[in-house]
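Peer 1: Before anything else, here's the structure in question.
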Amino acid sequence: MERLHKYMASCGVASRRAAEQLILEGRVTVNGEVITVLGVKVNPEQDRVEVDGIAIKEPQRFTVLLNKPKGVVTTLNDPQRRPTVRRYLPDVGSPLKPIGRLDMDSEGLILCTNDGEIHARVGHPRYGIEKEYRVVVKGDVSDKAVERLRHGVSIEGKKTAEAHVIKESYEQRRDTTLMTMVLHEGRNRQIRLMCASVGHPVNSLKRTRIAFLTDRGLAVGQCRALSKAELDRLRSMVGLDAAIGKRAKSRKPDPEHSELEDVE
């Protein structure tokens, strides 16, 4: 069972607040009965919900993996009219919302979905979804600096969690170091702040992996739908049943921390 206004929002009729207003205006019926009070629950699989006489239903759920180009904003609408990820996403009848974000100067993998369960849990720090980055920084990073990054540094007054950090190579001509960094927490611009804190500003950053999903075979600017096996595996990792729409017996995410600023 699901609250009527929440179900209406999941069907793309309106926001939850606007859906409540539609109910109060007497424009919503459930199985032919006009509903004018809030708090009514419906069974999406059995009840017929209509708004202004038109039946509504939840859209088919999709989750896609996008390889975001540099210079693109991780949002569906931008008031400054900058390029957004929307232009690279398929039209599936309802918005595919990005989970977390990469800043405009970063590139790499972003999961986008119209599945509210996936969006809330994959983007929640409780579930510790790993994200791997290819990071090029200024200067020759010392072993001591690498150890500091691994064990946590203080940024904005809070120490970062332990991370997997490998110094891959140093290019003397350009005076840059290539590192692989794997994090499972997400704080706004975390990698850039971490590297700056040890004296090595980021030159370029690319996310190459989210959990078990990699950018292999996915060109910059391309996206692909997750296979059923991939989706089932991802749902299992965040405490959801494989079958779409069913919830596993696990705690719900804390609503106050359900939005995650990503770590680029």
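Peer 1: Any chance you could count how many residues in the range 197-230 are in contact (Cβ under 8 Å) with a residue 12 or more places away in the chain, among the hydrophobic types (A, V, I, L, M, F, W, C) and more than 29 Å from Ala145 (Cα to Cα)?
Peer 2: 6
Peer 1: Continuing with the same structure: Does the range 183-203 hold any residues that are part of a strand (DSSP E or B) and buried (at least 21 other Cβ atoms within 10 Å of the Cβ), and which are they?
Peer 2: Selection gives Leu183, Val202.
Peer 1: Tell me yes or no: at least one residue of the range 41-59 is polar (S, T, N, Q) and buried (at least 18 other Cβ atoms within 10 Å of the Cβ).
Peer 2: no
Peer 1: Run down Glu171, Glu185 and say which single residue is among the charged types (D, E, K, R), assigned by TED's automatic domain parsing to the domain that holds Leu149 and over 17 Å from the mean Cα position of the chain (by Cα). Even if it seems obvious, please write down each step before you answer.
Peer 2: On the way: Glu185 fails: over 17 Å from the mean Cα position of the chain (by Cα).
Every option except Glu171 fails the conditions.
Peer 1: Within the range 215-222, can one find any residue that is over 17 Å from Val72 (Cβ atoms) and in contact with a strand residue (DSSP E or B) (Cβ under 8 Å, 6 or more places away or on another chain)?
Peer 2: No, the range 215-222 contains no residue that is over 17 Å from Val72 (Cβ atoms) and in contact with a strand residue (DSSP E or B) (Cβ under 8 Å, 6 or more places away or on another chain).
Peer 1: Of all residues in the range 85-98, how many are surrounded by fewer than 22 Cβ atoms within 10 Å (Cβ to Cβ) and part of a loop (DSSP other than H, G, I, E, B)?
Peer 2: Residues in the range 85-98 being surrounded by fewer than 22 Cβ atoms within 10 Å (Cβ to Cβ) and part of a loop (DSSP other than H, G, I, E, B): 7 in total.
Peer 1: If you don't mind, another one. Residues to consider are Arg82, Arg101; find the one that is outside any strand (DSSP E or B), surrounded by fewer than 21 Cβ atoms within 10 Å (Cβ to Cβ) and among the basic types (Lys, Arg).
Peer 2: Arg82 is the lone residue from the list that is outside any strand (DSSP E or B), surrounded by fewer than 21 Cβ atoms within 10 Å (Cβ to Cβ) and among the basic types (Lys, Arg).
Peer 1: Of the residues that sit in the range 227-247 and are surrounded by 13 or more Cβ atoms within 10 Å (Cβ to Cβ) and among the aliphatic types (A, V, I, L, M), which one is modelled with the lowest pLDDT?
Peer 2: Ile244
To keep it simple, each residue is scored yes or no on (1) out of contact with any Pro (no Cβ under 9 Å at 6 or more places or on another chain); (2) among the hydroxyl-bearing types (Ser, Thr, Tyr); (3) within 30 Å of His184 (Cβ to Cβ).
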position	(1), (2), (3)
Gly26	yes, no, no
Val34	yes, no, no
Val64	no, no, yes
Lys68	no, no, yes
Val85	no, no, yes
Pro90	yes, no, yes
Pro95	yes, no, yes
Leu102	yes, no, yes
Thr113	no, yes, yes
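Peer 1: For the range 171-182, which residues satisfy the criterion of being assigned to a strand (DSSP E or B) and either modelled with pLDDT under 95 or loosely packed, with under 15 Cβ neighbours inside 10 Å (or both)?
Peer 2: Kept after step one, since they are assigned to a strand (DSSP E or B), are these residues of the range 171-182: 171, 176-182.
Selection gives Glu171, Val182.
Peer 1: Continuing with the same structure: Going by the conditions given, is Arg224 surrounded by 15 or more Cβ atoms within 10 Å (Cβ to Cβ), outside the structural domain of Lys144 (by TED's automatic domain parsing), closer than 21 Å to Thr113 by Cβ and among the basic types (Lys, Arg)? Walk me through how you get there before you give the answer.
Peer 2: On the way: surrounded by 15 or more Cβ atoms within 10 Å (Cβ to Cβ): no; outside the structural domain of Lys144 (by TED's automatic domain parsing): yes; closer than 21 Å to Thr113 by Cβ: yes; among the basic types (Lys, Arg): yes.
Judged against the criteria, Arg224 is not a match.
Peer 1: How about the range 134-170: which of its residues are of a type outside the set (A, V, I, L, M), part of a strand (DSSP E or B) and crowded, with 16+ Cβ neighbours inside 10 Å?
Peer 2: Taking the range 134-170 first, the residues of a type outside the set (A, V, I, L, M) are 134, 138-140, 142-144, 147-148, 150-152, 154, 156-160, 162, 164, 167-170.
Imposing the further condition that a residue be part of a strand (DSSP E or B) reduces the set to 134, 138, 154, 158-159, 164, 167-170.
Of everything in the range 134-170, those that are of a type outside the set (A, V, I, L, M), part of a strand (DSSP E or B) and crowded, with 16+ Cβ neighbours inside 10 Å turn out to be Arg134, Lys138, Lys167.
Peer 1: Could you check, for the range 38-60, whether at least one of its residues is at pLDDT 95 or above, more than 29 Å from Cys112 (Cβ to Cβ) and among the β-branched types (Val, Ile, Thr)?
Peer 2: Among the residues of the range 38-60, at least one is at pLDDT 95 or above, more than 29 Å from Cys112 (Cβ to Cβ) and among the β-branched types (Val, Ile, Thr), which makes the answer yes.
The values are calculated or read from the model by the stated rules, or taken from the named source; none is laboratory data. Quick caveat, the model's predicted, so the values are computed rather than measured. Methodologically, a virtual Cβ is constructed for each residue, glycine included, from the backbone with ideal geometry; neighbour enumeration extends over all protein chains shown.
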